[in-house]
Amino acid sequence: MSRLSNIGMRRWAAWATAAAMALLLAACAGPDDARSARTELPSWNEGPSRSAIVKFVEAVTRQGGPDFVAVEDRIAVFDNDGTLWSEQPMYFQALFALDRLKAMAPSHPEWARQQPYKAALEGDRKTLAKEGEAGVLKIVGVTHANMTTDAFKQSVTDWIATARHPRFNQPYTSLTYVPMRELLDYLRDNGFKTYIVSGGGIEFMRAWAPQVYGIPPEQIIGSSFVTTFSMRNGQPELVHEPKLEFMDDGPGKPVAINRYIGRRPILAFGNSDGDLQMLQWTAAGTGKRFAGLVHHTDAKREWAYDRTSDIGRLDKALDEAHRQDWTVVDMAKEWNQIYVFEQP
């Protein structure tokens, strides 16, 4: 055999060995490994929303490109309820407050005669609904206030560890959206700083969200009650008072962003009319911008609701999204997985 033939045989043998190894690795890899290798956002189906996200991120991170954004200005803000985790049949913090109300009720017999506590304890949702936002704030006030910040955090941690969702019988932290958690990771991998800007209570979210979303407490912004400093038994403490200090919802969101972040975001995601002003504020900045809405369209795997819902109503913001050509994620069509506990 000629020297040239020997070289050819060796090359062919090397190629065959490499091919065999590749096939072996592919056979050993699970479906999740293969899916992760195929795309940055594996739970997002190929479609307009995923395409818009990837094109935006590629544009603002391309060094020397016309839309390049410096790392320090890559600010992304997300609502929480209905955007990063579910919010039905009731905001999860409200369910936490109701559970605390029931636990505290034996020490407050007067609640059996007073609204909205009476309706809450009896499960009278119709009467509770009539009490409106003021009634909810009363319940949240008595169950969140007159306790130290450390004690409140522990009560949330204990509840998160034991409470189960009434429909899925899963921990509430399992009701976070896999595609949105992938998006948070994807953005951070590309130099973004991610924030939560939610109408939910800031202390409630800070008790569990850092471990779930990988967002540190100083990057979590929410509604807050008045907190005061005091000395108890010679020890300094911070105590929640039963008085709302700041409502981080609607027009309050861009105000909070300006106050606590100090930079206008270049990306914002929400799911309801309560996020409209945050999206408008983000989209109005100079340079390339991204505004997105999670549209709840999947009644089978999650819930389907928008314009007439009492929880997470999406009406004016949906109209604005269509006018401004914002990205609207069709949950049923564009997410191949919603929750981590879903069976493939």
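Using 0.36 nm per residue and subtracting the Cα-Cα separation, the extra length available between VAL54 and MET231 on full extension is 58.6 nm.
Surface exposure of the range 236-344, expressed per residue as accessible area with a 1.4 Å probe, stands at 49 Å².
For TRP85, nonlocal amide neighbours, meaning residues 5 or more places apart or on other chains whose placed amide H falls under 5 Å from its own, are TYR177.
Computing FRET efficiency as 1/(1 + (r/R0)^6) for THR308 and GLN63, where r is the C-beta to C-beta distance and R0 is 51 Å, gives about 0.65.
Under the shape rule built on the C-alpha gyration tensor, where the axes satisfy a ≥ b ≥ c, the chain is prolate, since a/c reaches at least 1.5 and a/b is greater than b/c. Here the chain exposes an accessible surface that is 53 percent carbon and sulfur, computed with a 1.4 Å probe and the other protein chains kept in place.
If each residue of separation counts as 0.36 nm, what is the full-extension length gain between PHE341 and ALA163 once their alpha-carbon separation is subtracted?
Details: separation 178, 0.36 × 178 = 64.08 nm, distance 1.63 nm.
Here the answer is 62.5 nm.
Each residue, ASN190 and LYS153, gets one label point 7 Å from its Cα in the Cβ direction; the gap between the two is 3.3 nm. Here the 3J(HN,Hα) profile of the range 72-88, calculated from phi with Karplus coefficients 6.51, -1.76 and 1.60 at θ = phi - 60°, is 5, 9, 7, 9, 10, 10, 9, 5, 9, 5, x, 10, 9, 8, 5, 9, 10 Hz, Gly and Pro shown as x.
Take the residue pairs LYS253/LYS300; LYS102/LYS126; LYS130/LYS333; LYS102/LYS130; LYS118/LYS316; LYS193/LYS253 and return only those whose Cα atoms are more than 26 Å apart.
Numbers: LYS253/LYS300 31 Å; LYS102/LYS126 18 Å; LYS130/LYS333 36 Å; LYS102/LYS130 20 Å; LYS118/LYS316 34 Å; LYS193/LYS253 17 Å.
Going by Cα-Cα distance, LYS253/LYS300; LYS130/LYS333; LYS118/LYS316 fall outside the 26 Å limit.
With an 8 Å Cα cut-off and a minimum separation of 6 or more residues, compute the relative contact order for the range 69-227 in percent.
On the way: 161 pairs, mean separation 50.1, N = 159.
This gives 31 percent for the range 69-227.
Peptides 71-84, 53-66: what's the order by average Cβ count within 10 Å, highest mean first?
On the way: 71-84: 22.3, 53-66: 14.4.
Highest-to-lowest ranking by the protection proxy: 71-84, 53-66.
Relative to the Cα centre, the charge distribution of the range 125-189, modelled as +1 at Lys and Arg Cβ and -1 at Asp and Glu Cβ, gives a dipole magnitude of about 400 debye. Between HIS108 and ASP124, the modelled label-to-label distance comes to 1.7 nm, taking each label 7 Å out from Cα in the direction of the beta carbon. Accessible surface computed residue by residue for the range 86-171, with neighbouring protein chains in place and a 1.4 Å probe, gives 53 Å² per residue.
Take each of the peptides 123-130, 238-245, 90-97, average the number of other beta-carbon atoms within 10 Å over its residues, and list them starting from the highest.
Values: 123-130: 13.1, 238-245: 15.0, 90-97: 20.6.
Averaged packing, sorted descending, gives the order 90-97, 238-245, 123-130.
Placing +1 on the Cβ of every Lys and Arg and -1 on the Cβ of every Asp and Glu, with nothing else charged, gives the chain a dipole about its Cα centre of roughly 740 debye.
The values are calculated or read from the model by the stated rules, or taken from the named source; none is laboratory data. Note that this is a predicted model, so its numbers are computed, not measured. Note that each Cβ is placed from the backbone with ideal geometry, even for glycine, and that neighbours are counted across all protein chains shown. We work out accessible area using only protein heavy atoms, side chains counted, and drop any ligands, DNA or RNA first. Shrake-Rupley method; radii C 1.70, N 1.55, O 1.52, S 1.80 Å.
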